Each structure stands twice: as structure tokens, then as C-alpha cells.
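Just so it is clear, none of the values below were taken in a lab; they were calculated from the coordinates. None of these values were measured; they are calculated from a predicted model. Glycine gets a Cβ as well: all are built from the backbone with ideal geometry, and neighbour counts include every protein chain shown.
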Amino acid sequence: MHMFEHLRILSVIIMALARVVLFSLVGAVACFQDLDFPPGFQFGAASSSYQTEGAWNTSDKSESIWDRFVHEKPHLIGDGSTGDIACDSYHLWRRDIEMVSELGLHFYRFSISWTRLVPNGFATHISEDGRTYYDNLINGLLESGVEPMVTLYHWELPQKLQDLGGWTNPLIVDWFGDYARVVYSLFGDRVKTFLTINEPLVMCDLPYNTGTLAPGIVDVVATYMCNKNVLLAHAKAWRIYDEEFRPKYHGEVSITNQLLWFEAATPEDEELAEHAREWMAGRYSHAIFSAEGGWPPVVEKAMAEDSKKKGYPRSTLPAFTKEEIEFVRGTFDFYAVNHYSSRLVRKAKEGEELHPYPLGDIPELAAKLEPHPHWRPTATAIFWLYPEGLHHQLVWLKKRYGDIRFVITENGVATPAGRNDMDRIEYYTEYLKQVLLAIKEGVNVTGYTAWCLMDNFEWSDGYKTKMGLYEVDFSSPERTRTQKASARFYKNLIQKHSLNFKVYADEL
Ligand SMILES: *[C@@H]1O[C@H](CO)[C@@H](O)[C@H](O)[C@H]1NC(C)=O
Ligand SMILES: *[C@@H]1O[C@H](CO)[C@@H](O)[C@H](O)[C@H]1NC(C)=O
């Protein structure tokens, strides 16, 4: 053979090798079925109103606690930014629908802004513009074959209700119920899945323990008042749907919990780790999902002891009455899990400083929370990578609350800016493998939601952290959205209904 022929063959081989960039993590030799999702398994992506809509003072929309918080305390937002315009989805919803169609999503999870739909907080009147906006979005999604999954509350309380105590006022249970009824009656004919409240942990514990999220009030007692009222408000909204709407609309309602997986640092810490799980998952799940209802007994006991030690005349965790326990118990149609990261749990050393939960530790349990030294950090300061944590979490939930159905309603990672987001692809692959493992072990997981559809206002991080499948150019008035490599990966995954596919370099 002529030397040039050798070179040509060599270059053909090199080209072929270069073309097929098969991610080793997708597992070239792994058993095919192991990476296939069960028939009917659904994929979606999520957003939330404050993080994407913008138009914070458009039409008759009123001020929410997040509008107030970012305007008054810009120093608590990483880049001093606001969600005043965000992705401007209020005006660019047609493009958003185009994106979810491009991805081939089965469903799109978004939230309704209470202050946009019901501006005075109380259900005395409905905003026509607010109603039109959500009608357009829901109808557009359905026309594109994408199911809407609607969150009623993603942290934007009307400021007016905050001024009356917000989530610490027990009357919020009725106020939220009234708002929920408005949403069901306007959209329940077309929306079949509702989530009442997003991540009660991050709207009670985090704000009231640290002041770093709206309403920015630090008061540890308020945490537990919020804790109880959220459970009752969810139950109220679930019961309103169950009694007034389910007979004609046949939809489903649940609550979304943010769960960090807790792993014992040493075998001696196993009991403490279990208590920490009850603290984390149990405080917002036991009342709803357990057979007996009410607070998890270990949490009730720990809180009574801690309150006594601190001199409170009674536990700062407000008790449930018998009627309340029955009212909340069983108010679910499935379990919705938001998961991002994990922690190791160990007993605090004598005199060791403990920071307030959930950014730090659990002082009430004398539990120190830390990442494992081998877990890789991410662009979100409080999230480290431990894909196995999601598997352990799902298995634990099933063991604790029985053979119920699970939907992952958020999972994702913050990465540096840019569209070549291989680390996001790796994250989704690794975490989804753990979902498959849980399914194989008999946990009934029927859906998965990528956080998030597009880069948006990430609360305390502002626009510094990027979690989207689509990049958003926040410097352009059009808020131009562009697919990242991860968007093409996700689309492929949905199409193949499997993690077992080749990813070609020129597709990314
Ligand atoms: C709405 O807010 C913007 C700032 O985001 C401000 O410039 C504008 O004047 C406000 N409009 C109204 C009607 O208050
Ligand atoms: C999972 O739950 C759904 C809905 O309840 C049910 O139809 C399905 O049979 C369950 N799958 C398994 C494997 O239990």
C-alpha cells in the first residue's frame, strides 16, 4: 500500500473514533435493559414563577415577599440582582413552549404566582391579565402535547399576607385554601397534576433560621410555626381538590419536599443519622405519609427536650390536635421528591460550634453535617455530588412510608456558564442511574424532572449559578434562549427512553 493510503486509512479510523464520543459513564458494555426506563416513565423539566416570569409590577400584580426582599436586601443576593425581569417569561411564554416541545418533554412543571393571579391575596377577585397569562401557557403546552404540572406556591407569598404574619399565622391555612380553590376552578379542567407547596423546608427552616431567603426574618420559633401551618395548608388544599374537584377532573395533588440524603459518618452514628432523616424528611412527611400521622416521635421528643433546656414553657414545635392529625394524614396522591445533594452526619464534639440548619448542622440533635471529603463540590456552595444519595433516599422513603408512588420533581446541578455543559450531562446520567437502581429494587418511581428548563434567577445566587438546559442571555432584551449540550442529551434520552445511547460529538 502506498504510504498515503496508510495515512488515509489511519485518518478514517481517527475520524471515526473522534466522532463516536461514547460517554464511559453511559456504560458501553452495560446491560441494555439496565439503562432503559420502564414503559410509561415520564420526563419533564421545571421552572418557577419568580425565577423566570419577570414582569414583577406589570398590570395589577401585587408585591410578593420576594419582590420586597430583593429590593430591600440586595446584599443578600450574590450578584445584587433581582427577578424583576428574570427570563421575561411573562412576555416570552411562546418561546418557552417551543423549548419544551424541542426537548420532547412529557410534562412541564411551572408555578403560579399568587400575586399575579389573586393580587390582593384574598380570593375576592381574579386578575384578568394573570388568568390570561396562565391560560395561554397551559393551552399552548397542551397543544404541543406537553402536560402541565402546576405548583401552587413556589415561595412568593403576597406581601400583604406577610404583613399579617404570613406562614406563622394559622389563618394562612384558609387563605391558602381559598387561593388553591381559585387555581383549581380556573385551570383544573386542563391541569391534572398539582403540587401544593414547593419545599416547605426551604420556605420555613432556611428563611427563619438564617434570614437569607424571603421574608428575611430570623426567628427560630417561627420556623416551627411555619412548619405546622404549611402541613395544614397543604392538607386543606388537598382536601378541597379531593372533595370539590377530583370527582369531575380526576387529577392528582401532592406536596414537594426537598430532601438532602443523610448518611452516617461512622457505624456508631447510624442512630443519629436516622434521627436526622426524621428531622429532615420526617418533619414534612410523617404527618402526611405515615400510617399514624402527626410529628415523627423522635423529632417531637428532641424538640421538647431542646425547648425545655432553652427555658421555653412549652415545646417550640407546636403540637397537633387529634383532629389536625386526622386532617393532614393521607393527604397525598404520590410522593414528590426534590433532590440535589447529601451530607454525612456525626455526633458533635464537646463544645463544637454548630451552625443553623439547613445550611449548617442540626443543633437540636447535636448533629454535625458535612460533605464526604471525596464528594465533588458544585457551583452551588451547599451542594456536593453523591449520586448514590438519591437511591438511598428513595429506598428509605419506601421503607418509611410504604409502597407509594414517587415522582422526582427536581434534580439538577449548577455549572459554570457556557453551553458545553458536560458536567451537567454527567450529573443527570449518574443521578438517573441511581433512580433506575431504585426502580429495579421495587421503588415505584414514575417520573423525573430536570431542574431547570433554562438559566434563571437562582435565589441567593442571583444569576451567578447556571442550572438550565437552555442558556439565557440576560444582557439581551429578548432574553435569547439557546440549547446547551445537556438539552440535546436530555432530548435524546427522552426519545430513546434509555440512558443507553451513543452521544456523538457533533450533536453536542
Ligand atoms: C416597575 O418596576 C420598574 C423597575 O423594575 C420601574 O422602573 C417601573 O417604574 C415600575 N413600573 C410601575 C408601573 O410601577
Ligand atoms: C406504580 O404506580 C402506578 C400508579 O399507582 C401503578 O399503576 C403501577 O402499577 C405501579 N408500578 C409498580 C411497579 O408497582
At 1.567 mPa s and 4 °C, Stokes D of the stretch 67-165 from Kirkwood alpha-carbon radius, µm² per second: 85
Total charge dipole magnitude, the stretch 406-445, about the Cα centre, Cβ charges on Lys, Arg, Asp, Glu only, Debye to nearest 20: 100
Tail fraction, Cα-Cα pairs, the stretch 160-253, threshold 18 Å, whole percent: 47
Amide N of the stretch 263-285 lying under 19 Å from the label point, which is placed 7 angstrom from the Cα of E292 along Cα→Cβ: 271-285
Gain on full stretching of the segment that runs from H372 to D242 - 0.36 nm per residue minus C-alpha separation: 42.5 nm
Magnitude of the charge dipole, the chain, Cβ model with Lys/Arg +1 and Asp/Glu -1, debye to 20: 560
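Among the listed pairs K433/K484; K248/K466; K301/K349; K73/K491, which are separated by more than 29 Å between their Cα atoms? The partial results should precede the final answer.
Numbers: K433/K484 21 Å; K248/K466 41 Å; K301/K349 22 Å; K73/K491 39 Å.
Table pairs above 29 Å Cα-Cα are K248/K466; K73/K491.
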Full-stretch length increase - D473, T321 - with 0.36 nm per residue and alpha-carbon distance subtracted: 49.6 nm
Helix 128-143 vs. the chain, principal-axis angle (Cα, 0 to 90°, nearest 10): 40
Largest to smallest principal axis extent of the C-alpha atoms in the chain, angstrom: 94, 59, 47
At 1.567 mPa s and 4 °C, Stokes D of the stretch 359-508 from Kirkwood alpha-carbon radius, µm² per second: 76
Tilt relative to the chain, helix 220-240 - C-alpha long axis, 0 to 90 degrees, to 10: 80
Residue (of L201, S113, P373) at the positive-pole extreme of the chain, dipole from beta-carbon charges: P373
Sites E98 and K73 - FRET efficiency at Förster radius 45 Å, r taken between beta-carbons, to 0.05: 0.80
Cα-based helix-to-principal-axis angle, 297-309 vs the chain, degrees rounded to 10: 60
Tensor-based shape of the stretch 408-493 (alpha-carbon gyration tensor, a/c under 1.5 rounded, otherwise prolate or oblate): prolate
Anisotropy class of the stretch 289-342 from Cα gyration tensor, a/c 1.5 cut: oblate
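Could you work out the relative contact order of the chain, using alpha carbon pairs under 8 angstrom and six or more residues apart, expressed as a whole percent?
It comes to 18 percent, rounded to a whole number.
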Neighbourhood charge, 10 Å Cβ-Cβ cut-off, centred on V298 and excluding it, Lys, Arg +1 and Asp, Glu -1: -2
For peptides 456-465, 443-452, sequence by mean Cβ density within 10 Å, most packed first: 443-452, 456-465
